[in-house]
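To start, the structure itself, in structure tokens.
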Amino acid sequence: MPRRRLDPAAQRRGQMLASRLTQARRASGRSAEAVARNAGISVETVRSIEKGRTATPEFFTVAALATELGLSLDELYTFTRQDSAHDAQAPTDPSARISG
């Protein structure tokens, strides 16, 4: 079954995630190979995420990369949402979904 196309907001979040992970890896002075090996994932996966070919990587892949690069998942989430004021997707505050 083919994957559905991502909407523009989801594509933008994927680009932001790729940007932040690439920035953190380069700042660490390590290669994609070294980060992948230490995170327990394939270098092809790291490259695919960094190049934007995988806009919605699996949670545990992102968690492994975040841990390896010293990033918190909260930081990644916030970073990917920073340019989404026009994004009418889900609210960023989970408590906003609770109706009284």
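Computed from label points 7 Å out along Cα-Cβ, the spacing between Arg26 and Asn38 is 1.8 nm.
Annotation: amide H of Thr54 within the under-5 Å range of Ile49, sequence separation 5 or more or interchain, hydrogens built in the peptide plane. Given their separation in residues at 0.36 nm each and the Cα-Cα distance between them, Phe60 and Leu6 gain 17.4 nm when the chain is fully extended.
Whole-Hz Karplus values for segment 49-55 come out as 5, 4, 8, x, 6, 10, 7 Hz, taken residue by residue from phi with 6.51 cos²θ - 1.76 cosθ + 1.60 and θ = phi - 60°; glycine and proline positions read x.
Each value in this text was obtained by applying a stated rule to the coordinates, not by laboratory testing. The model shown is predicted, which means the values in this text are computed figures rather than measured ones. All Cβ positions, even for glycine, are placed from backbone atoms using ideal geometry, and neighbour counts span all protein chains on display.
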